[in-house]
């Protein structure tokens, strides 16, 4: 068992159906997205991000959010959170029965300006009415902080800004804060130092890590953070996604590769790797591209 916490169970937050698909060039029809989430539900995953209730003008890939959320088979004990950008998105999500949402901001002022045309503080202010309503409605809220290890526009992102933003999201009511290396440039020492700094202000049990694999460092970064005690990891089946704002940014770290590593470390995930691999291979076929998962490539090679 790795040091840091008393548990060797790691919860995987599967983000492929949302963070992954929203940055894929191939637009999948709603029935395929529903089939993907239903397949993921059968793997033993406990948290599967389903979709995003953002404006279809900005993210046409997820214009069918309501249809997808209503169509998926919701297993007991499994959470199906959705991303919401504002009160309007919250209302749309609630109208179809969503009971967990995610909100997002960045640790980089430049990235926030380019991405949502607001400062960091303005972006958080925008979410406050959503937080109030979520609390009234008994809806759980997860927070995302992007660009925690670097920004495509301003370069270095000061660690104290990451700490400040993560602390603020936790203060306003996010039960969990996911720390995202959006452009995938982080290395293990930097990832470890960033997590340690944040964990001085936000309990480790309320933190998650979210690494993209642009420079091939995601698994190493996750291992460094596991050694510090983090026990929640975001990943995307088949390594789908990317970042439209980051040149050369590849997808999220592949769920199959993360689970293979965790099981090899003697960690528990509750996930059936064989079903996950089959799901990743199926999704790659739907997207007409080779899977980004090394494990799935190895296990499905002819």
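Just to be sure, is residue 85 surrounded by fewer than 21 Cβ atoms within 10 Å (Cβ to Cβ), under 16 Å from the mean Cα position of the chain (by Cα) and outside any helix (DSSP H, G or I)? It is true that residue 85 is surrounded by fewer than 21 Cβ atoms within 10 Å (Cβ to Cβ), under 16 Å from the mean Cα position of the chain (by Cα) and outside any helix (DSSP H, G or I).
In this structure, residue 248 does not qualify as at pLDDT below 95, crowded, with 20+ Cβ neighbours inside 10 Å and not in a helix (DSSP H, G or I).
Table: residues versus (1) closer than 21 Å to residue 150 by Cβ; (2) free of Cβ contacts under 8 Å to residues at least 40 places away in the same chain.
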residue: 199; (1), (2): yes, yes
residue: 227; (1), (2): no, no
residue: 241; (1), (2): yes, no
residue: 252; (1), (2): yes, no
residue: 256; (1), (2): no, no
residue: 264; (1), (2): no, yes
residue: 276; (1), (2): no, no
residue: 279; (1), (2): no, no
residue: 296; (1), (2): no, no
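For beta carbons closer than 7 Å, sequence separation of 6+ or different chains, a first residue in region 130-142 that is closer than 23 Å to residue 232 by Cα and a second that is part of a helix (DSSP H, G or I) and at pLDDT 95 or above, the qualifying pairs are 141/131; 141/134.
Of the listed requirements (1) farther than 30 Å from residue 75 by Cβ; (2) not in a helix (DSSP H, G or I), residue 104 misses just one: (1). Evaluate the following for residue 20: is it closer than 16 Å to residue 276 by Cα, within 15 Å of the chain's Cα centre (by Cα), at pLDDT below 95 and surrounded by 17 or more Cβ atoms within 10 Å (Cβ to Cβ)? Considered against the rule, which asks whether it is closer than 16 Å to residue 276 by Cα, within 15 Å of the chain's Cα centre (by Cα), at pLDDT below 95 and surrounded by 17 or more Cβ atoms within 10 Å (Cβ to Cβ), residue 20 comes out as yes. For region 95-113, taking the residues that are in contact (Cβ under 8 Å) with a residue 40 or more places away in the chain, more than 25 Å from residue 71 (Cα to Cα) and touching a helix residue (DSSP H, G or I) at 6+ places or on another chain (Cβ under 7 Å), the one that is surrounded by the most Cβ atoms within 10 Å (Cβ to Cβ) is identified as 107.
Report yes if residue 229 is more than 22 Å from residue 123 (Cα to Cα), in contact with a helix residue (DSSP H, G or I) (Cβ under 8 Å, 6 or more places away or on another chain) and either buried (at least 24 other Cβ atoms within 10 Å of the Cβ) or modelled with pLDDT of 95 or more (or both), otherwise no.
yes
Take the residues in region 46-70 that are in a helix (DSSP H, G or I), out of contact with any strand residue (DSSP E or B) (no Cβ under 6 Å at 6 or more places or on another chain) and modelled with pLDDT under 95; name whichever of them is farthest from residue 233 (Cα to Cα). Looking at the filtered set, the residue picked out is 60. Check region 36-45 and report whether any residue there is touching a strand residue (DSSP E or B) at 6+ places or on another chain (Cβ under 8 Å) and within 21 Å of residue 242 (Cβ to Cβ). Yes, region 36-45 contains at least one residue that is touching a strand residue (DSSP E or B) at 6+ places or on another chain (Cβ under 8 Å) and within 21 Å of residue 242 (Cβ to Cβ). One residue alone among 182, 187 is touching a helix residue (DSSP H, G or I) at 6+ places or on another chain (Cβ under 9 Å), crowded, with 24+ Cβ neighbours inside 10 Å and within 22 Å of residue 220 (Cβ to Cβ), and that residue is 182.
Of the helices (runs of 4 or more DSSP H) lying entirely inside region 255-302, those carrying at least 3 residues that are out of contact with any helix residue (DSSP H, G or I) (no Cβ under 7 Å at 6 or more places or on another chain) and under 24 Å from residue 24 (Cα atoms) are 273-286. Condition test on residue 92, is it in contact with a strand residue (DSSP E or B) (Cβ under 6 Å, 6 or more places away or on another chain), surrounded by 16 or more Cβ atoms within 10 Å (Cβ to Cβ) and not in a loop (DSSP other than H, G, I, E, B)? So residue 92 does not fit the description; no.
Here is a check on your reading of the model: is residue 73 surrounded by 15 or more Cβ atoms within 10 Å (Cβ to Cβ) and either in a helix (DSSP H, G or I) or touching a helix residue (DSSP H, G or I) at 6+ places or on another chain (Cβ under 8 Å) (or both)? No, not satisfied. Any residue at all in region 115-129 that's farther than 20 Å from residue 165 by Cβ, modelled with pLDDT of 95 or more and assigned to a helix (DSSP H, G or I)? No, there is no match, as no residue in region 115-129 is farther than 20 Å from residue 165 by Cβ, modelled with pLDDT of 95 or more and assigned to a helix (DSSP H, G or I).
The values are calculated or read from the model by the stated rules, or taken from the named source; none is laboratory data. The structure presented is a predicted model; accordingly, all values stated were derived computationally and were not measured. Reconstructed Cβ throughout: ideal geometry from the backbone, glycine too, with neighbour counts over all protein chains shown.
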